[in-house]
Amino acid sequence: MADLNDAARLAELRGALLRADADAILDACVVRAAKLARSPIAVVSLLVRHVQLLRAQHGLPLELAVSCATSRSNSFCQLVVLDEVPLIVDDALRDERVPKELVESYGIRAYAGVPVRAHGHVLGALCVLDVVPRRFDQRIVGALEQLAIDVSGRLSALTLSDAPLASADVQERLVRVEQATRALERALLALSPVIAAAQAATAGPRVDAARGIDASRATHVTPASLRAAVSCWRDMGPVAEGLCEEAAAIASASPCEAASGLATEARALARNLAEIGPLVRLAEGVLDGTLGEAAAAKGRALVLRGALDAHEAASAAVQRLRAGALRARAATAGPGSGGAARPPEAR
């Protein structure tokens, strides 16, 4: 049985793989999967630490199509990744193996999923779902496995977008890493009202002291402040991608321990930001009228805990990245530099 939190598996979940934007190849694959299985729903899922990201989908309820995620613990696909073999469920209501939240909330009754891989690691599943009990015969499973080869090839190609940039001055890159961490720290702080509002709406007003999020203030969050927070999250994507590229290039160019740890930490941060994304997209859906509050509430229930944990982890990762960049600057500073470069504010 595989480990869902295996570091090598999670390390493959990076770059373009974590984006929520449409991918034409993956979208075509899920449409083909739905047609060949004659199922109303088909998905390419990727299992991160807290959530199941829906990297491509066909036929999902609107709130799930907006959030592009569910809780990992409530997913059927986690069983595909754990066992690294196809999973067939004829009647989810009577199958003791599968979680029941999607069955109860969305009436999912039948499922067939096959593993999808990148560089030898099972990252998720290509699956088809139905809202009535049914059998998926071996012909359908075999066709899904063949289609999963195309999906896996595309996932492997998307991971290459995280390749290091061309060589450049390490000190300059480290300064840019520090600048990026400061921008991300401000954006994460601005996201707190969105998370507090979701927390209060789901569980009632309270103060989550451990995460520094005051849910009791959620009733005072205005649409304008929510829109500002959503904009901050949108801005974080390019900043985090640039940070990953810079950190990978630094690790490639510098042998010091502080530099080598930056790339790993940056990728972990990017995964955490991707796991916050579903909650923010649901808030955006309510603001722009795409989603009604009832539909958004169903979506929030599936991703809120993951977003809380990811927000906390992302905030801590940003601080570690900045500290690591400072250590790397001191370790890689040339002779006569005094052991450190100029602070970012002076550049």
What do you reckon, is Leu321 buried (at least 24 other Cβ atoms within 10 Å of the Cβ), within 29 Å of Glu63 (Cβ to Cβ) and within 23 Å of the chain's Cα centre (by Cα)?
no
Being in contact with a strand residue (DSSP E or B) (Cβ under 6 Å, 6 or more places away or on another chain) and within 26 Å of Arg300 (Cβ to Cβ) is the filter here, so list the residues in the range 84-94 that pass it.
Val89
Scope the range 102-113; condition open to solvent by 40 Å² or more (accessible area, probe 1.4 Å) and touching a residue at least 12 places away in the same chain (Cβ under 8 Å); matching residues:
Ser105, Arg109
Mind checking which residues of the range 217-244 are assigned to a helix (DSSP H, G or I), surrounded by 15 or more Cβ atoms within 10 Å (Cβ to Cβ) and either in contact with a Pro (Cβ under 7 Å, 6 or more places away or on another chain) or at pLDDT below 55 (or both)?
Arg217, Ala218, Leu226, Ala229
I'd like to check something: does the range 251-269 contain any residue that is assigned to a loop (DSSP other than H, G, I, E, B) and open to solvent by less than 40 Å² (accessible area, probe 1.4 Å)?
yes
Could you grab me the full set of residues in the range 123-139 that are aliphatic (A, V, I, L, M) and open to solvent by 10 Å² or more (accessible area, probe 1.4 Å)?
Leu129, Val131, Val132
Return yes when Ala331 is without any contact (Cβ under 8 Å) to a residue 60 or more places away in the chain, assigned to a helix (DSSP H, G or I), among the small types (Gly, Ala, Ser) and surrounded by fewer than 21 Cβ atoms within 10 Å (Cβ to Cβ) and no when it is not.
no
Among all residue pairs at least 6 apart or on different chains, which show Cβ distances below 6 Å where the first residue, located in the range 23-44, is under 10 Å from Leu126 (Cα atoms) and the second is of a type in the set (Asp, Glu)?
Cys29/Asp150
Residue under question is Ala8, and the condition is that it be assigned to a helix (DSSP H, G or I) and either of a type in the set (Ser, Thr, Tyr) or open to solvent by 40 Å² or more (accessible area, probe 1.4 Å) (or both); does it hold?
yes
Pick from Ala33, Ala22, Ala7: which is over 14 Å from the mean Cα position of the chain (by Cα) and at pLDDT 95 or above?
Ala33
Taking the residues in the range 69-101 that are open to solvent by 20 Å² or more (accessible area, probe 1.4 Å) and hydrophobic (A, V, I, L, M, F, W, C) as candidates, determine which candidate is farthest from Leu291 (Cα to Cα).
Val85
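The values are calculated or read from the model by the stated rules, or taken from the named source; none is laboratory data. Just so we're clear, the structure is a prediction, and the values are computed from it rather than from any experiment. Reconstructed Cβ throughout: ideal geometry from the backbone, glycine too, with neighbour counts over all protein chains shown. Protein only, heavy atoms only, side chains kept; ligands, DNA and RNA dropped before computing areas. Shrake-Rupley method; radii C 1.70, N 1.55, O 1.52, S 1.80 Å.
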